[in-house]
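Notes follow the structure.
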Amino acid sequence: MNLEQLIAVDAVVSTGTFRGAAERLNKAQSAISHQIRKLEDELGFAIFSRADYRPRLSSEGEVFLREATRVLDQFRHLQATAKELRSTQEPLVRIALTATMSLEPILKILGAIGDKFPNTHIAVATEMMGGPVARLMKGEADLIIAGLEGVDIDHVETTPVGSVVIRPVAHKSFAIAGRSGMRSRMEMQSYVQVIVAGTGGPDYDQSRDVLAGGRRWTVSDFATKKSVIMNGHGWGGLPEHMITNELNSGELVALNVEGFRPRHTEVFAIRRRDQTMGRVLGEIWRALQT
């Protein structure tokens, strides 16, 4: 058994075919088949069932793949560490953040590391909805801070960094702000809902908590959304860290709307496995892990 054989098995599973694995690994299809056949002969069982058009993992193969995946993950981590150790200070690190999260924790880390590596330009962009994921998968960001919705978890490395609560609110002067009890979806359709447009494009659209059939205003960011709501022109969900003072003072009122409970989202630092970390990005990644 060798590493190349494990990589071949993983590629067949990921692409769904021997041909796809050959294209990914830049090898002849016959070479991939030979590697896996040789591994199966050594193991004494079939990893793949070839009865169907596409190769399908056998029951033994499923167990074997779980263990092989752990080995491959450790090997790739070792590869990344070695590349980072021999790398130089990169000229640019691009980070995309979900606009729902407070910037304070990440800015403290970036400030310290920026002082340590003054020759590296750290570019920070705030994105809406699926924007961070789109930037990462398109190669326009080296690291993102976002939720896992829309993320191909098999091709990224993640580390948890916090959580966000989005709470539906309205200004105290809003028509239903002073009324207790749950408001039905039908009733809320007559009031303007303020929503934020995503920046990820149609392939990474994460629009959610939008009332179907209702009146709405669309804005470009959460600061504008908060201003619209604070001026009494509509209701909508806002991150708790943006409205703590207003809720405590009574300027904003939490709403109880059918189907619109406060949304709790775990937030992660996310990077692509196939992208090498330079020295500065490696420092940022380790800081986020701790």
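Here, each number is a calculation from the coordinates, and none is a lab measurement. What you see is a predicted model; the values in this text were computed from it and never measured. Cβ: placed from backbone, ideal geometry, glycine included. Neighbour counts: every protein chain shown.
Pick out which of Gly131, Gly237, Gly214 has the largest mean-square fluctuation in a Gaussian network model of the chain, springs linking Cα atoms closer than 10 Å.
Taking springs between Cα atoms under 10 Å, the residue moving most is Gly214.
Using only the Cα atoms, work out Rg/Rh for the chain, with Rh taken as the Kirkwood radius, to two decimals. Show your work: numbers first, answer last.
Values: Rg = 24.3 Å, Rh = 22.2 Å.
Reported Rg/Rh, Kirkwood definition of Rh: 1.09.
Across all directions of projection, what mean area in square nanometres is found for the Cα convex hull of the range 85-140?
Working: hull surface 18.0 nm².
Computed as one quarter of the Cα hull surface, the answer is 4.5 nm².
Using alpha carbons only, how many degrees (0 to 90, rounded to 10) separate the axis of helix 279-289 from the longest principal axis of the chain?
In the chain, helix 279-289 runs at an angle near 60 degrees to the longest axis.
Quick one: dipole size for the chain, taken about the Cα centre, charges +1 on Lys/Arg Cβ and -1 on Asp/Glu Cβ, in debye to the nearest 20.
For this selection, approximately 480 debye.
In debye, nearest 20: dipole of the range 145-245 around its Cα centre with unit charges on the Cβ of K, R (+) and D, E (-)?
Dipole magnitude for the range 145-245 comes out near 900 debye.
When Lys and Arg each count +1 and Asp and Glu each count -1, what net charge do the other residues less than 11 Å away from Glu187, Cβ to Cβ, add up to?
On the way: positive: Arg179, Arg183, Arg185; negative: Glu258.
Combined, the nearby Lys, Arg, Asp and Glu give +2.
How large is the helix-only mean residue ellipticity at 222 nm for the chain, computed as the sum of -39500 (n - 2.57) over DSSP H runs with n ≥ 4, divided by its residue count, in deg cm²/dmol to the nearest 500?
-12500 deg cm²/dmol
Amide H of Thr126 versus every other amide H placed in the peptide plane: which residues, excluding those fewer than 5 positions away on the same chain, fall under 5 Å?
For Thr126, whose amide H was placed from the backbone, the distant partners under 5 Å are Leu97.
By count of other Cβ within 10 Å, fewest leading, how are Arg183, Arg70, Arg271, Arg76 ordered?
Listing Arg183, Arg70, Arg271, Arg76 from fewest to most nearby Cβ atoms yields Arg70, Arg76, Arg183, Arg271.
Just how many % of Cα pairs in the range 3-86 lie over 16 Å apart, if you round to the nearest whole percent?
Every Cα pair in the range 3-86 considered, those over 16 Å come to 53 percent.
Would you please state the base-10 log of I(q)/I(0) at q = 0.13, 0.14, 0.19, 0.20 1/Å for the range 67-208, with intensities from the Debye formula using one equal scatterer on every alpha carbon?
Rounded to two decimals, the profile gives -0.78, -0.86, -1.27, -1.33.
So how much slack lies between Thr244 and Thr218, counting 0.36 nm per residue of separation and subtracting their Cα-Cα distance, in nm?
7.0 nm
How big is the antiparallel share of DSSP beta bridges in the range 164-262, given as a percent to the nearest 5?
Counting DSSP beta bridges with both partners in the range 164-262, the antiparallel share is about 55 percent.
Along the principal axes of its C-alpha atoms, what lengths does the range 164-262 span, in descending order and rounded to whole Å?
40, 30, 22
Could you give the length gained by full extension between Thr158 and Met182, i.e. 0.36 nm per residue of separation minus their alpha carbon distance, to one decimal place?
4.9 nm
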